[in-house]
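*Asks:* Please read through the structure below; I'll follow up with questions.
The values are calculated or read from the model by the stated rules, or taken from the named source; none is laboratory data. Keep in mind it's a predicted model, so treat the numbers as computed, not measured. Methodologically, a virtual Cβ is constructed for each residue, glycine included, from the backbone with ideal geometry; neighbour enumeration extends over all protein chains shown. For accessibility, only protein heavy atoms count, side chains too; no ligands or nucleic acids. Shrake-Rupley method; radii C 1.70, N 1.55, O 1.52, S 1.80 Å.
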2 protein chains.
Amino acid sequence: MSYQAPVRDYLFLLRDVLQLDRYANLPAFADASMDTVEAILEEAGKFTSEVLAPLNAVGDKQGCVWSPDFSVKTPDGFKDAYAKLVEGGWPALGSDPAYGGQGLPHVVNVAFSEMSSAANMAFSMYPGLTHGAYSAIHVGGTQEQKDLYLPKLASFQWAGTMNLTEPHCGTDLGLLRTKAVPQADGTYRISGQKIWISGGEQDLTENIVHLVLARIEGAPAGVRGISLFIVPKFLPDAKGNPGQRNSVKCLGLEEKMGIHGNATCVISHEKSVGWLIGEENQGLRLMFVMMNEARLGVGLQGIAQAEAAYQAAAAFAKDRLQGRSLTGPKNADGPADPIIVHPDVRRMLMDARALVEGGRAFMAWTALHGDLSHASPDEAVRQKGRDYMALMTPVVKAFLTDRGFQVCSDAMQVHGGSGFTEHFPASQYLRDVRIALIYEGTNGVQALDLVGRKLAADGGRGVMSFFAELDAFIGAEHDPALKPFTDGLAKAKAELQEATMWLMQNGLANPDNAGAASTDYLQLFGLTALAYMWALQAEAALKHIAAGDADPFYATKVTIGRYYVERILPESSSRLAKLKTGSELLMKLPAEAF
Amino acid sequence: MSYQAPVRDYLFLLRDVLQLDRYANLPAFADASMDTVEAILEEAGKFTSEVLAPLNAVGDKQGCVWSPDFSVKTPDGFKDAYAKLVEGGWPALGSDPAYGGQGLPHVVNVAFSEMSSAANMAFSMYPGLTHGAYSAIHVGGTQEQKDLYLPKLASFQWAGTMNLTEPHCGTDLGLLRTKAVPQADGTYRISGQKIWISGGEQDLTENIVHLVLARIEGAPAGVRGISLFIVPKFLPDAKGNPGQRNSVKCLGLEEKMGIHGNATCVISHEKSVGWLIGEENQGLRLMFVMMNEARLGVGLQGIAQAEAAYQAAAAFAKDRLQGRSLTGPKNADGPADPIIVHPDVRRMLMDARALVEGGRAFMAWTALHGDLSHASPDEAVRQKGRDYMALMTPVVKAFLTDRGFQVCSDAMQVHGGSGFTEHFPASQYLRDVRIALIYEGTNGVQALDLVGRKLAADGGRGVMSFFAELDAFIGAEHDPALKPFTDGLAKAKAELQEATMWLMQNGLANPDNAGAASTDYLQLFGLTALAYMWALQAEAALKHIAAGDADPFYATKVTIGRYYVERILPESSSRLAKLKTGSELLMKLPAEAF
């Protein structure tokens, strides 16, 4: 069975849980009636499962091919599929109508992005990074830059990339050396080598717009001397069409464990022509516009690969006959029962459902807050939206990719020996998803961002607001069937609050305590957030049940949610116990002892 | 830095923790004085790191190549290395002197096996499975069969394989269809297709001895009608040398996620000539001799890959300069600090040490009990040895491979983006180790074996004996510095005992409760076992410290052990909480809901 897009689940999330119709009066949501959204998601499901999914294994097996003329060939079929993507108007979904976009809320675009990524992660990274470049120019470009680049990027006619990493500097961008020399005509000449540039070269688009971090000659050392530049592969001519070839070259591709269909390039700039975007030495701020968007997109990849891997595992578990149920044959006429009768196989499938559907809700809920941070007429709502986006971004990125990897590994396990062979898709999902724990800031960097920056921002306003929201929900009157959910959430929230207090008391005294606690804290945060998401989903499902709706979808939701509370959430206590041990033993050994 | 064999750690384990010298009076240990063992391990370290490790990446990149003449070419260098292995007498370490072996205790052989597997997992599987075939014939063969095959297998001049799986049956061997037809001369003609046969064909040895499960014509259906056959690639001639070619053919190789250097074969038997080994229809018993040995060997692979991956990660963490310590620069003259200063990087390295060194002790301790089950003059000790081997085998296999996979994934994470590229070894370790969670019975099957078979065997004698041993240790008088260890162990043991009681009360009433609890129970068991191993190691290290030994090795041991108790062991409580929720929610949904 090939990938089936989770349209039904998104409709439930958007209609019943997040209740998008509440915002119909806001201009930004005006075109996002549930009828429209439903039509879009149905089409998105078709496009991704019929056009993108069949190319997923092809991309993995063929990979991208670099030629000595510095060109890169993407796998068979990618070029056609890309043309269909552009033709179908999919890129425009979330973009500004001023530049040819449809201006739909991000929360709707999330659904399309998840489906694209699940169907073909390597392919979907080409448009994914283009959207990041679009956003950076949208936020920081001059009007001239916007007019020139945004329509091309919004339509995906041109692609965009992020040129950050250099061989000696990844996480620590302060070390970067790529140099920008100002010219009399207002342009810059950029020189330096960048590595790990996803989609840095390809044969899908007529032009590629690199957004390049570089240091203007004479700029201060460290992160305060970094600027951002627009460096197109072909310099736009007077009509804005691709003109003269810029001296940006792809020198080769990385051999990687996964995402073989995406070209990971070594990019050399040899006095390539670039235009400053934003202010001198303020490049990191704009880079973080792209980066934060990319981080949410990476969290989404975790869920997407997990969903696709789960679907393959569930199909296998219903098909493969092996052994008998412990409680008597369930397929007495057959030679054996399907392996889904075995509780330990169920455990892996139920874990997958609980994490994927909880994680999907968390992603959509966060995206909605992002939308409201711009779209709401109420400054308090906008502020909460901004606070939540900042606070949740590292959690979405790291928690959903960690759990996505676990689900992909379990999906392989359900397949038994077949899963380890490349005849089944489990290996590709596991190999592809693994990068999501690393790129756009490793999950450890996310954890440090959460405890070191986001928690304390604005005096802890974001996290306090989240705790208040949880308290209000827990204290409100609910269907009695919701009690297991509010009880579980209350316990997790109390543990998260205790962990937050511990961090405040111990992280300042010794910053290594914060670092030592960071990953456990982030995991505890994610576990609690998903407990809230499951409570919200159960509440929405119980309303349907109470109203006499017999669709088994709702009872299934409640069961999976209760499973989450009983079988996954208990991990929160051990996370709290671990993080409270501090950094002493962790840091005790000298480096030579390793 | 290339792989360094953990010789020092093994010497500590064998000399100080397991105190091998205690058994010097037993004939089986007579040749295993610590001086001899030390000399062997030093040589083993050299051989594995100098001969096998350099071929590890070669094997991964080249893989094995099948030809239409049904031959298989192993990667460049494997043939030479295999010749050196045989020449060096390594195969003989643990084998019976009656057939050319050195007859050393298995606990010593474990060290060599770990080193081989860490240096080159794909390579080491060829001799590893040969040893399994050796053991099955040693236990179940006629004297004639032993005389013919054992000297060739003990010397690794011939290789052995296990032919179990068929396309429609892996875990559920009762379904197997390969047919054996008795001939007038006492031989059988075997026909059928076997898949996933590791080392089923290769160019390393002059002959290959397949041990094949098949059903004698007219035998009962299910597992009670399965017999085991010796099916050599070349029929031995009158002098016992390879003679006429048997009709066993390799029809092709599997494409796999990892262990590319090991040939995973589709094997076709077309009326191939075979000899019954053991009794008719009793094939599973002998197969389990191989299988149990293989399961311990797989647990060892988990630790081995984790050790090698950890070494690569530690070297990277000390070398890569990125960012500054949270507590002030540690490499003030350099552009940045090595990333080992970051607590979250330390966390991954310390987790690795705690799991690998704890797991290694568990493996060696179990192997010693296996040795004593034969070698002790005291029937009570022999019985305890047998009980422990049976009880611990699924835990060693599943717990050590689950944690080994986690360590390999963390080792990739320490590498950041470099880890995902194939220029660094992290990807290969992660891809190679993943099969260990699957083959020789998936980890879910191990968990079911533990709760469904091993716990209840002989009225629970094995587990009661283990609890009594833990109680005696906890209650004994110790160095006060051991208190954190005995406290942690006491808590985990109490939880394990509670879980055991819960299983007894609820597993009988509804077997699905046992199935639903099985993986969490196995993990809780493994966590407790490693807590005991760390207590034993700390006790031995503290003795050296108390005696004034200033070697930092001992203080490091105590620190890593305390880290295990504080940072890893707390997981036990959440395992208990999860397993006590039973099977209700787990099994509630109909299969169509997935």
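*Asks:* When Cβ neighbours within 10 Å are restricted to other protein chains, what is their mean count per residue of peptide B:506-517? All intermediate terms of the calculation are to be shown ahead of the outcome.
*Replies:* Numbers: counts 0, 1, 0, 0, 2, 5, 7, 2, 2, 10, 8, 3.
That works out to 3 on average.
*Asks:* Please list, ordered by chain and number, the residues whose modelled amide H lies under 5 Å from the amide H of A:TRP158; skip anything fewer than 5 residues away on the same chain.
*Replies:* Those qualifying (amide H under 5 Å, at least 5 residues apart or on another chain) are A:LEU153.
*Asks:* Excluding ligands, DNA and RNA, what is the solvent-accessible area per residue of region A:443-586 at a probe of 1.4 Å, expressed in Å²?
*Replies:* Per-residue accessible area for region A:443-586 comes out at 35 Å².
*Asks:* Mind checking region A:215-318 for GluC sites (Glu not before Pro) that DSSP puts in a loop (not H, G, I, E or B) and that have at most 16 other Cβ atoms within 10 Å?
*Replies:* Qualifying residues, ordered by number: A:GLU217, A:GLU255, A:GLU279, A:GLU280.
*Asks:* By how many degrees, 0 to 90 and rounded to 10, does the Cα axis of helix A:143-154 deviate from the longest principal axis of chain A?
*Replies:* Around 50 degrees separate the two axes.
*Asks:* Turning to a different aspect of this structure: Which one of A:TYR563, A:MET392, B:GLN102 is farthest out on the positive end of the charge dipole of the protein assembly as shown, using unit charges on Cβ (Lys, Arg +1; Asp, Glu -1) and the Cα centre as origin?
*Replies:* Value: B:GLN102.
*Asks:* Beta carbons within 10 angstrom, averaged per residue: use that to sort the peptides A:515-521, A:363-369, highest first.
*Replies:* Highest mean packing first, the order is A:515-521, A:363-369.
*Asks:* Another one. For chain A, which whole-number percentage of the solvent-accessible area (1.4 Å probe, protein heavy atoms only) is attributable to carbon and sulfur atoms?
*Replies:* 54
*Asks:* Another question about this same structure. Helix A:379-414 sits at what angle to the longest principal axis of chain A, using alpha carbons and giving 0 to 90 degrees rounded to 10?
*Replies:* Helix A:379-414 sits roughly 70 degrees off the main axis of chain A.
*Asks:* Go through region B:242-250 residue by residue and turn each phi into a ³J(HN,Hα) via Karplus (6.51, -1.76, 1.60, θ = phi - 60°); whole Hz please, and just put x for glycine and proline.
*Replies:* For region B:242-250, the Karplus curve yields x, x, 4, 6, 7, 8, 9, 10, 8 Hz.
*Asks:* I'd like the Karplus ³J(HN,Hα) series for region B:515-528: coefficients 6.51, -1.76, 1.60, θ = phi - 60°, whole numbers in Hz, and an x wherever there's a Gly or Pro.
*Replies:* Working through the residues one at a time gives x, 5, 8, 4, 5, 4, 5, 4, 5, 4, 5, x, 4, 5 Hz.
*Asks:* As an exercise, use a Förster radius of 35 Å and the Cβ-Cβ distance of A:GLU279 and A:SER71 to find the FRET efficiency, rounded to the nearest 0.05.
*Replies:* The formula returns an efficiency of 0.50 here.
*Asks:* Dipole magnitude of the protein assembly as shown about its Cα centre, charges +1 at Lys/Arg Cβ and -1 at Asp/Glu Cβ only, in debye to the nearest 20? Before the final figure, lay out the partial values.
*Replies:* Working: 106 positive and 132 negative charges, 23 e Å.
Here the size comes out at about 100 debye.
*Asks:* Would you calculate, for the protein assembly as shown, the mean residue ellipticity at 222 nm contributed by helices, counting each DSSP H stretch of 4 or more residues as -39,500 (n - 2.57) and dividing by all residues, to the nearest 500? Could you put the intermediate results ahead of the total?
*Replies:* Numbers: 38 runs with 616 residues, N = 1188.
For the protein assembly as shown, the value works out to -17000 deg cm²/dmol.
*Asks:* Something else: State, to one decimal in nm, how far the label point of A:GLU584 lies from the label point of B:ASP333, with both points 7 Å from Cα in the Cβ direction.
*Replies:* The two pseudo-label positions are separated by 3.4 nm.
*Asks:* Among A:VAL289, B:PHE70, B:LEU576, whose Cα sits farthest toward the positive end of the charge dipole of the protein assembly as shown (+1 at Cβ of Lys/Arg, -1 at Cβ of Asp/Glu, about the Cα centre)?
*Replies:* Comparing the listed Cα positions along the dipole, B:PHE70 ranks first.
*Asks:* What is the set of long-range amide H partners of B:GLU166 at a cut-off below 5 Å, with H atoms built 1.01 Å from backbone N?
*Replies:* B:ILE195
*Asks:* For peptide A:550-561, compute the average count of partner chain beta-carbon atoms within 10 Å of each residue's beta-carbon. Let's see the in-between values first.
*Replies:* Numbers: counts 0, 0, 4, 1, 0, 3, 5, 0, 2, 6, 4, 1.
If you average over the peptide's residues, the count of other-chain Cβ atoms is 2.
*Asks:* Mind putting together the pair-distance distribution for the protein assembly as shown? All Cα pairs, 10 Å bins, whole percent per bin, short to long.
*Replies:* All Cα pairs considered, the percentages come to 2, 10, 18, 23, 21, 15, 8, 3, 1, 0.
*Asks:* Let me ask another. Between helix B:283-319 and chain B, what is the angle of the helix's C-alpha long axis to the longest principal axis, kept within 0 to 90° and rounded to the nearest 10?
*Replies:* Approximately 40 degrees, to the nearest 10.
*Asks:* List, in order, the whole-Hz ³J(HN,Hα) value for each residue of region B:446-461 obtained from phi through the Karplus relation with A = 6.51, B = -1.76, C = 1.60 and θ = phi - 60°; use x for Gly and Pro.
*Replies:* 4, 5, 5, 4, 5, 7, x, 10, 5, 4, 7, 4, 6, x, x, 4
*Asks:* Given R₀ = 51 Å, FRET efficiency for B:ALA546-B:MET501 by Cβ-Cβ distance, to 0.05?
*Replies:* 0.85
*Asks:* Right, something else. State, as an integer percentage, the relative contact order of region B:1-159 based on alpha-carbon contacts under 8 Å between residues 6 or more apart.
*Replies:* Relative contact order comes out at 23 percent.
*Asks:* If you don't mind, there's one more thing I want to ask. Quick one: net charge around B:TRP502, please, counting Lys, Arg +1 and Asp, Glu -1 for every other residue with C-beta under 11 Å from its C-beta.
*Replies:* -2
*Asks:* With the solvent-accessible surface defined on protein heavy atoms using a 1.4 Å probe, which residues belonging to region A:211-260 display a reduction of at least 10 Å² in accessible area in the multichain context relative to the isolated chain?
*Replies:* Buried by the other chains: A:GLU254, A:GLU255, A:LYS256, A:MET257.
*Asks:* Okay, moving on. Compute the accessible area of each residue in region A:431-457 twice, once for its chain alone and once with every protein chain present, using a 1.4 Å probe on heavy atoms, and list those whose area falls by at least 50 Å².
*Replies:* A:ARG434, A:ILE438
*Asks:* Sticking with this one: If you bin every alpha carbon distance in region A:1-73 into 10 Å steps from zero, what whole percent lands in each bin?
*Replies:* Taking all Cα pairs of region A:1-73, the binned fractions are 16, 31, 22, 17, 12, 2 percent.
*Asks:* A:GLN183 versus A:ALA481, label points 7 Å from Cα toward the beta carbon: distance in nm?
*Replies:* With each label placed 7 Å out from Cα toward Cβ, I get 6.8 nm.
*Asks:* Which net charge results when you count Lys and Arg as +1 and Asp and Glu as -1 among the other residues whose beta-carbon is under 11 Å from that of B:GLY359? Let's see the in-between values first.
*Replies:* Details: positive: B:ARG353, B:ARG360, B:ARG403; negative: B:GLU114, B:GLU307, B:GLU357, B:ASP402.
Residues close to B:GLY359 contribute a combined charge of -1.
*Asks:* Related question: To the nearest Å, what is the center-to-center distance of region A:193-225 and region A:41-87, using C-alpha atoms only?
*Replies:* 24
*Asks:* Can you work out the accessible area per residue across region B:178-249, with the rest of the protein chains kept in place, probe 1.4 Å, in square angstrom?
*Replies:* So region B:178-249 comes to 39 Å² accessible per residue, rounded to a whole number.
*Asks:* What share of all Cα pairs of region A:129-180, in percent, falls into each consecutive 10 Å distance bin?
*Replies:* 24, 38, 31, 7
*Asks:* Determine the dipole magnitude for region A:443-586: charges of +1 sit on the beta-carbon of Lys and Arg, -1 on that of Asp and Glu, nothing else is charged, the reference point is the Cα centre, and the result goes in debye to the nearest 20.
*Replies:* With Lys and Arg at +1 and Asp and Glu at -1, about 160 debye.
*Asks:* Among A:GLN537, B:MET363, B:SER2, whose Cα lies farthest out toward the positive end of the dipole of the protein assembly as shown, if unit charges sit on the beta carbon of Lys, Arg (+1) and Asp, Glu (-1)?
*Replies:* Of the candidates, B:SER2 comes out farthest on the positive side.
*Asks:* Same structure again: In Å², rounded to the nearest 100, what is the total accessible surface buried by chains A and B against each other with a 1.4 Å probe?
*Replies:* Counting protein atoms only, the buried area is about 7900 Å².
*Asks:* Can you tell me the dipole magnitude for region A:387-484 around its Cα centre, using point charges on the Cβ only (Lys, Arg +1; Asp, Glu -1), in Debye to the nearest 20? Write out the running numbers ahead of the final one.
*Replies:* Details: 8 positive and 12 negative charges, 58 e Å.
In debye, rounded to 20, region A:387-484 gives about 280.
*Asks:* Let me ask something else. Dividing the Cα radius of gyration by the Kirkwood radius, what Rg/Rh value follows for chain B?
*Replies:* 0.97
*Asks:* Still on this structure: Whose amide H sits under 5 Å from the amide H of A:LEU251, counting only residues 5 or more places off or on another chain, with H placed in the peptide plane?
*Replies:* When sequence neighbours closer than 5 places are left aside, the close amide H contacts are A:VAL266, A:ILE267, A:SER268.
*Asks:* If contacts are Cα pairs under 8 angstrom and at least 6 residues apart, what is the relative contact order of region B:443-586 in percent?
*Replies:* On the way: 135 pairs, mean separation 47.0, N = 144.
For region B:443-586, the relative contact order is 33 percent.
*Asks:* Past 21 Å, Cα to Cα: identify those pairs from A:LYS249/A:LYS271; B:LYS491/B:LYS588; B:LYS46/B:LYS397; A:LYS330/A:LYS557; A:LYS46/A:LYS557; A:LYS543/B:LYS580, in the order given.
*Replies:* From A:LYS249/A:LYS271; B:LYS491/B:LYS588; B:LYS46/B:LYS397; A:LYS330/A:LYS557; A:LYS46/A:LYS557; A:LYS543/B:LYS580, over 21 Å: B:LYS491/B:LYS588; B:LYS46/B:LYS397; A:LYS330/A:LYS557; A:LYS46/A:LYS557; A:LYS543/B:LYS580.
*Asks:* Here's something else I'd like to know. Any idea what the A:ALA593 label distances to the other copies are, label 7 Å down the Cα→Cβ vector, nm, shortest first?
*Replies:* Relative to the other copies, A:ALA593 has label-point distances of 4.9 nm.
*Asks:* Let me have the relative contact order for chain B, percent, based on Cα pairs under 8 Å that are six or more residues apart.
*Replies:* Relative contact order, chain B: 12 percent.
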